[in-house]
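The values are calculated or read from the model by the stated rules, or taken from the named source; none is laboratory data. Keep in mind the model is a prediction, meaning the values are calculated, not measured. Backbone-built Cβ (ideal geometry, glycine too); neighbour counts: all protein chains shown.
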Amino acid sequence: MSDDTNNDAAARGTDEVAAASESREPASISDRADEYLRLAQRAQADLQNFRRRADQERDDLRQTVRVDTLSFLLPVLDDFERATSAVPEDARALPWVQGLFLIERNLRGVLEKAGFERIDALGQPFDPWEHEAIMTDASGQCDDNTVAAVFRSGYRVSGRVIRPAQVSVARRPA
């Protein structure tokens, strides 16, 4: 009984090992396939994220270049504003003065189309993010810590200050 029993047990053991080995192979192939699928999905998601990031960076760079380029026109607009404010009332009807006003309007229109927004500072509370105080006004005509005069207009694009307004800030006399 010992030889036959051992042989039967060995045969059963060999069959069980073979069956277990066959069942492990398909499971490991299936596991490998699932792992490769997860890797492929992760790689595809990484590629989509990379493309989205690259598009965002490209758009940011375009915006920065556009703003930097058009910022060079701000001093020209300032000069036009000073020139038009210095024109006497009796000369405003002259054709060349009208041409000067037209150039100023067109330049302002170009900047507005590009997204430049003038910072409204006069009479507003002083904000160091939007205003650059270049002097104080102790006359008492305006509330304390309020912009009393604007010397140079400020501009922002998409909520970001490109150039702060140069202002005079009202202070109570001491």
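Taking residue 68 as the residue in question, decide whether it is more than 28 Å from residue 101 (Cα to Cα) and of a type outside the set (Phe, Trp, Tyr). Criteria not met by residue 68. Contact map, the range 33-59: residues that are loosely packed, with under 10 Cβ neighbours inside 10 Å paired with residues that are basic (Lys, Arg), Cβ distance under 8 Å, separation 6+ or inter-chain. No pairs are found. For the range 139-146, indicate whether the set of residues that are modelled with pLDDT of 90 or more and either surrounded by fewer than 17 Cβ atoms within 10 Å (Cβ to Cβ) or small (Gly, Ala, Ser) (or both) is non-empty. No, every residue in the range 139-146 fails to be modelled with pLDDT of 90 or more and either surrounded by fewer than 17 Cβ atoms within 10 Å (Cβ to Cβ) or small (Gly, Ala, Ser) (or both).
Candidates are the residues of the range 60-99 that are farther than 19 Å from residue 152 by Cβ and touching a residue at least 24 places away in the same chain (Cβ under 8 Å); the one that is nearest to the chain's Cα centre (by Cα) is 63. For residue 90, indicate whether it is out of contact with any Cys (no Cβ under 6 Å at 6 or more places or on another chain), loosely packed, with under 10 Cβ neighbours inside 10 Å, assigned to a helix (DSSP H, G or I) and at pLDDT 90 or above. So residue 90 fits the description; yes.
Being touching a residue at least 12 places away in the same chain (Cβ under 8 Å), within 26 Å of the chain's Cα centre (by Cα) and surrounded by fewer than 16 Cβ atoms within 10 Å (Cβ to Cβ) narrows it down to one residue among 112, 117; which is it? Walk me through how you get there before you give the answer.
Numbers: 112 fails: touching a residue at least 12 places away in the same chain (Cβ under 8 Å).
The unique qualifying residue is 117.
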